[in-house]
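This is the structure, below, for whatever I ask next.
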Amino acid sequence: MPGDPRPIGVFDSGMGGLTVLRALLARLPLERFVYLGDTARLPYGTKSAETVQAYALQASRLLVSEGVKMVVIACNTASAVAVGPLTEALAPVPVIGVIEPGARAGVAATRNNFIAVIATEGTVKGGAYARAIAALRGDIRIVQQPCQVFVALAEEGWTDTRATHEAADHYLRPLFRGPSPPDTLVLGCTHFPVLASAIRAIIGSSVALVDSAETTALAVAEALEGEGLGSDGNAGGAGATRFFATDSPERFARVGEIFLGRPIDALSVELVDLRVL
Ligand code: DGL
C-alpha cells in the first residue's frame, strides 16, 4: 500500500503537549503533523470530566477538519476522560491517548513495585493511571499527588526558578520520605518534563523518572504500522508541522519553544475559535 501522506493531529490544553510532539517528530520523521493548543481554556486539569470531554471533542473536530489520519491526545487530563468518547465520535479516525503508554513505561521501570504518579487534579481524581497500572500488573502499589501549580510554572517558562524548586519540594518530599519510597515517578502531565531538573533535585538520582512522551510516540508508530497509515515521505513535507492556538499565537510561539526544544515562528501559529465547532 502506498504511504498515507495525511498529517497526524495532536492536541493539548496548551503548550505542554509539544513535549509529545517533539518525541513524535523524532520517532516519525516522515510524517507531517497538525498541533493544536487550546491555550484560551487552559488549564483542563481543574475542570470537570464533562467540560474536558466537550473541549476535547471540539479540539479533535478541528484536527479532523484539517484532514488528519489519527488523533493523538497529548494531554493526560483529556486522555483520562475522553479516549472512549473521542474514539466513538471520530471513527474511523484512530485516537491515541497518553495514559496507557505512560502506565506501561512506569510498570516497565519499577523494581520495587511501588510507583508514584504526579498529575493534574483532574487526572488524579479520575484515577485513570491507577486503573491503567492495575490492569497491567495487579501487584503494584501506587501513590498519586496532584501538582497543579507545576502547570502554571511550566506555562510561565519557570522551569528552574526558586519557586519551581519550592513547589517541587512541597509536592514531592512527602512522597519520597520513609524507609521504602517509590522507585519510579511517572510524570502524568504533559507539562512536567520541562521541570525535570527541579523534580530530580528533590527525588534524587536513584528514582526512575518516566515521561510518557516517548512511549506515546512508540504507541503511535505501532498504530500507524498496524493500520497501514504510515507515510513514506514521497508526497513531501516530511516533518512539517502546522500550529493552531486558541489564544495569543505570540505567547504560544515564545513559551512553546521551551517544550518543543526548537524555535516556533509566531507568524506560523494560526488562531482558531473552537467554540464554533
Ligand atoms: N495538559 C494537561 C495534562 O497533561 C496539563 C495542563 C492542564 O491542566 O490543562 O494533564
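The values are calculated or read from the model by the stated rules, or taken from the named source; none is laboratory data. Quantities reported herein were computed from a predicted structural model and do not represent experimental measurements. No Cβ is skipped: glycine too gets one built from the backbone with ideal geometry, and neighbour counts run over all protein chains shown. All accessible areas refer to the heavy atoms of the entire protein, side chains included, with ligands and DNA or RNA removed. Shrake-Rupley method; radii C 1.70, N 1.55, O 1.52, S 1.80 Å.
Could you go through region 100-114 and let me know if any residue there is away from the ligand (no atom under 16 Å from the Cβ), within 19 Å of GLU222 (Cβ to Cβ), charged (D, E, K, R) and open to solvent by 50 Å² or more (accessible area, probe 1.4 Å).
The answer is yes; a qualifying residue exists.
Next up: Just to be sure I understand, how many residues within region 233-250 are outside any loop (DSSP other than H, G, I, E, B) and either modelled with pLDDT under 95 or closer than 20 Å to GLN58 by Cβ (or both)?
Final tally of qualifying residues: 5.
State all residues of region 251-277 that are part of a loop (DSSP other than H, G, I, E, B) and either of a type outside the set (A, V, I, L, M) or touching a Gly at 6+ places or on another chain (Cβ under 7 Å) (or both); if no residue qualifies, say none.
Scanning region 251-277 gives GLY261, ARG262, PRO263, ILE264, ASP265, ASP273.
Do you know which of the residues in region 193-206 that are assigned to a helix (DSSP H, G or I) and in contact with a helix residue (DSSP H, G or I) (Cβ under 8 Å, 6 or more places away or on another chain) is farthest from the ligand (Cβ to nearest atom)?
Top of the filtered list is ALA201.
In region 117-192, which helices (runs of 4 or more DSSP H) lie fully inside it and hold 2 or more residues that are among the acidic types (Asp, Glu) and surrounded by fewer than 22 Cβ atoms within 10 Å (Cβ to Cβ)?
Qualifying helices (runs of 4 or more DSSP H): 162-172.
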